[in-house]
Amino acid sequence: MRALDERVIERLTEYAARYTGFSLDAILPDAIRRAARRLADDGERILLRAANGEGNVLHALYQAVSVGETFFFRHPEQFAFIGHTLVPEWIAARKQRINVWSAGCATGEEAYSLAACLLDLVPKHVEVSILATDLLERNLAVAREGVYGAWSRRPSGPMLHPIFEGNASSARMRIAPRVRALVRFAQHNLLEAQGAGTFDLLLCRNVLVYFSPDSARTAVGHLVSALAADGALLFGPMDITELPAALAYGAAPELQIYRRQAEAQPAKPRVAAAPVRPVEPLRERRAAPPEPIAIHLRALVSIERGERRTAKAALEELSLRVPDYLPGILERALMHIRQGERAAATQLMRDVLRRTEQMAAEDLVPGPEPLPVEFYRTSAERFLRSRGGVE
C-alpha cells in the first residue's frame, strides 16, 4: 500500500473529531496514521469509507483517540458528597430505586467505585442500578472482565469502600460479585442522546476536557436531558468552562457538582450535609487540578509540529503538577535523549523502573495511547543497558 499523504491524515483527523467530539488539538496525527495503516486500503478509499461512516473505519478512528486514564475512587471529595448529601436525600424521599449513569466509563473503575459506595451506604431494600457506557468496546471488554492491576488502585484514589474479592495484596484483583451485579455496560457515543430514561446520579468526569467547545456543549445538553428533576450531575475539574443551562452548583464550585435550579439548595436530609454555596462566576473558581493526558497530548502535538519550546514547557508543567504520571516521566526522558542530555534521561528512566516494579507487566497504563507496563519497563531497561545510560 502506498504511503498516506498528509492531506489524507488531516481529513481523517477531521473525521475523527467529527465522530468522537474530540478537539483537533487532542488528536495525535501519528495515532491516525497507525489507524489508517491498519485499514490496509488506499487513502482516497479510506476517506470515502470514513465519509460514509463505515463501521471498521469508525472503530479505527475511535481507537486512535481513546483515552483511558482512570482509577478507583477518583476525586474522593465527590464520593463524600454522594455519601453526605445525596444518600440522605434519597433516604428522606423514601426512594425505592436509584438510577445511576457513569458516562464515558473507560475500563469501569468509576462504575464499580459507585457500586461499592452505594452498596455500603444505601439501605438494603433500595434497588440500585448503574449504567456504565463508553465509546470503545475494547474498554467495555476490560470492564466486564472486572480484573484490575496496581495502576487502577493507586494511592490518590483511596479504597473508600470494599470492592474486591480475595487477597488485597494480589497483583491483580477481581471485583466482588455483589459489586459487579449492580453494573451493566453498554456502548454509547456522548454526541448522541441516551434513551435509557433519567438518572438520579450522573457522572461524566475527565472526558469533556478532550472535546471541542461545540461538542462539549452538545454532550452536556444530552447529559442534562437525562438528569432527573432532583438528580446530581458530576464533572471532572477541567471538563466544562461554562455553567450548563438550567443548572446551578450543588456544592462548592470547585467540586463541579450540578443540580437543576430548583434543587440547587437541597431539602434537609437526615444527616447534615455540607452547606451549599451560592452560584459564583466561573472565573472566580479556584484553579482546578490538571488532567495529565490532556497536558501530555498538548506536548505531543507540539513535538509533531516541531514546536520544541512549547513541548518542553508542557512536559515541565506536567512534571510539576502530576509528578507520578508514568507516561509523562518516560516522555521527559525521551526529550532529554533527543537533546543529548543523557544524565537527566538516566535519572528519569531509573524512576520509570522503580515505579513499575510492583506493577503487573500486562496492565495497561492510560496515556495518549494506552500501553502495557511492560512497554515502560522494557524501554527503561534497554536505555539503561545501552552505553547512553551509563553515567
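For this structure, a couple of remarks:
- Degrees separating the helix 373-385 axis from the principal Cα axis of the chain, which is the longest one: 30
- Estimated translational D of the range 135-251 in µm²/s (Stokes, Kirkwood radius over Cα pairs; 25 °C; 0.890 mPa s): 149
- Of Thr107, Thr346, Thr133, the one that fluctuates the most in a GNM where the chain has Cα springs shorter than 10 Å: Thr346
- Here the Gaussian network model covers the chain, with springs between Cα atoms less than 10 Å apart; of Arg34, Arg11, Arg45, Arg45 fluctuates the most.
- Per-residue extension of 0.36 nm, minus the Cα-Cα distance of Arg309 and Arg45, leaves a gain of 91.3 nm for this segment.
- On a per residue basis, the chain carries 46 Å² of accessible surface, using protein heavy atoms and a 1.4 Å probe.
- Max mean-square fluctuation residue, GNM over the chain, Cα-Cα springs under 10 Å, options Ala64, Ala186, Ala216: Ala186
- With θ taken as phi - 60° and the Karplus curve 6.51 cos²θ - 1.76 cosθ + 1.60 applied, the whole-hertz 3J(HN,Hα) list for the range 127-142 is 7, 10, 10, 10, 9, 10, 10, 8, 6, 9, 5, 4, 5, 5, 5, 5 Hz, x standing for glycine and proline.
- Nearest-ten-degree value, helix 29-39 long axis tilted from longest Cα axis of the chain: 90
- In the chain, a dipole from Cβ-located charges (positive for Lys and Arg, negative for Asp and Glu) runs towards its positive end, and of Ile293, Thr107, Pro237 it is Thr107 whose Cα lies farthest in that direction.
- Adding -39500 (n - 2.57) for every DSSP H run of four residues or longer, then dividing by how many residues the chain holds, sets the calculated 222 nm ellipticity at -12500 deg cm²/dmol.
- Using a probe of 1.4 Å on the protein chains alone, the accessible area found for Lys312 is around 80 Å².
- Cα-Cα separations in the chain greater than 28 Å, expressed as whole percent: 50
The values are calculated or read from the model by the stated rules, or taken from the named source; none is laboratory data. All values derive from a computational prediction rather than experimental measurement. Neighbour counts are summed over all protein chains in view; Cβ atoms, including those assigned to glycine, are modelled from backbone coordinates with ideal geometry. To get the accessible areas, we keep the full protein, side chains included, count just its heavy atoms, and leave off ligands, DNA and RNA. Shrake-Rupley method; radii C 1.70, N 1.55, O 1.52, S 1.80 Å.
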